[in-house]
Amino acid sequence: MSAGRGAPVSARAAGRGQPAAARLTAERRAQITEAAGELFGRRGYHAATMRDIALRVGVSPGLIYNYVEDKEELLLLVLDSLLDAYASGIPAALAGLRDPLARFAAAVDTYCRIVAERPEATLLAYQESRSLRRSLREHIKRREVETNALIADCISDGIAQGLFRPVDAELTAYRVVMMAHGWALKTWRLAGRMTIDDYIADSLEMLLGALLTPLGAQRRAEAAR
């Protein structure tokens, strides 16, 4: 979980430094977070126990409390790690790309693939974020707005260059996000019909069909030659 933003990093550490992180290597913390995400996703947040998570990681049930205080802290870690993936993955995918169409496609592709790689965490964001205390829910909401802005900025750039219609960039970014989340929400059906590559390609075709101006369509056709 990122501490550089000055946001709460855990239920216990929020506003008081990072005592848990100081006692845990990055590798072990990632293992605990991954195990918690898997078990919360499969059994449900309330049904999965700290003992289950400790045993999955290979530490004693008592020892896990040296690293995290409770399940709320673990849930926050899981959700924050997903947002970290968006916050680092999208800028990395955009690095070196100048064309707004290419940047938009890269942002959508990256977001969708993160959802496909971490479906349990995506579902938890829908199902269990309400289990967090209010201050931590607000933290997650702020980070969601920040990561969605990475997509909205690509849309705004396309509008500024006359390639996209003058849509509401933030609203359109949320539509992109909901489309991406659809893979996790309906994997039971979609995965039997298509690959994630097909899903992304089909979704991009639909999005660009709604967004492109005549100039944007021309630019896209030229790039495809």
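What follows is calculated from the coordinates using simple rules that are stated; it is not laboratory data. If you're wondering where the values come from, they're calculated on a predicted model, not measured in any experiment. With ideal geometry, Cβ positions are generated from the backbone for all residues, glycine too; neighbour counts draw on all protein chains shown.
Below is a table of values for the structure above.
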{"item": "Mean separation of Cα contacts under 8 Å, 6 or more apart, over the residue count of the chain: relative contact order %", "result": "20 percent"}
{"item": "Residue-span extension gain [Val167 to Val145] - 0.36 nm each, minus C-alpha spacing", "result": "6.1 nm"}
{"item": "Sparsely packed trypsin sites (Lys or Arg not before Pro) within segment 38-127, loop by DSSP, other Cβ within 10 Å at most 12", "result": "Arg98"}
{"item": "Candidates Pro214, Pro91, Pro119: whichever shows maximal mean-square fluctuation once the chain is modelled as a Gaussian network with Cα springs under 10 Å", "result": "Pro214"}
{"item": "Ranking of Val68, Val177 by count of other Cβ atoms within 10 Å, fewest first", "result": "Val177, Val68"}
{"item": "Counted charge near Pro214, where neighbours are those whose Cβ lies closer than 12 Å (Asp, Glu -1; Lys, Arg +1)", "result": "+3"}
{"item": "Part-to-part distance (alpha-carbon centres) for segment 59-136 and segment 171-225, which is given in Å", "result": "21 Å"}
{"item": "Nearest-20 debye value, segment 76-224 charge dipole, Cβ charges on Lys, Arg, Asp, Glu", "result": "400 debye"}
{"item": "³J(HN,Hα), Karplus 6.51/-1.76/1.60, whole Hz, each residue of segment 89-96, x for Gly, Pro", "result": "x, 5, x, 5, 5, 7, 4, x"}
{"item": "Length added when fully stretched, Tyr126-His46, from 0.36 nm per residue minus Cα-Cα", "result": "27.3 nm"}
{"item": "On Cα atoms only, tilt of 26-43 relative to the major axis of the chain in degrees", "result": "80 degrees"}
{"item": "The chain: calculated mean residue ellipticity at 222 nm from DSSP helix runs of at least 4, using -39500 (n - 2.57)", "result": "-22500 deg cm²/dmol"}
{"item": "Relative contact order (percent, whole number), segment 112-225, Cα cutoff 8 Å, 6+ residue spacing", "result": "36 percent"}
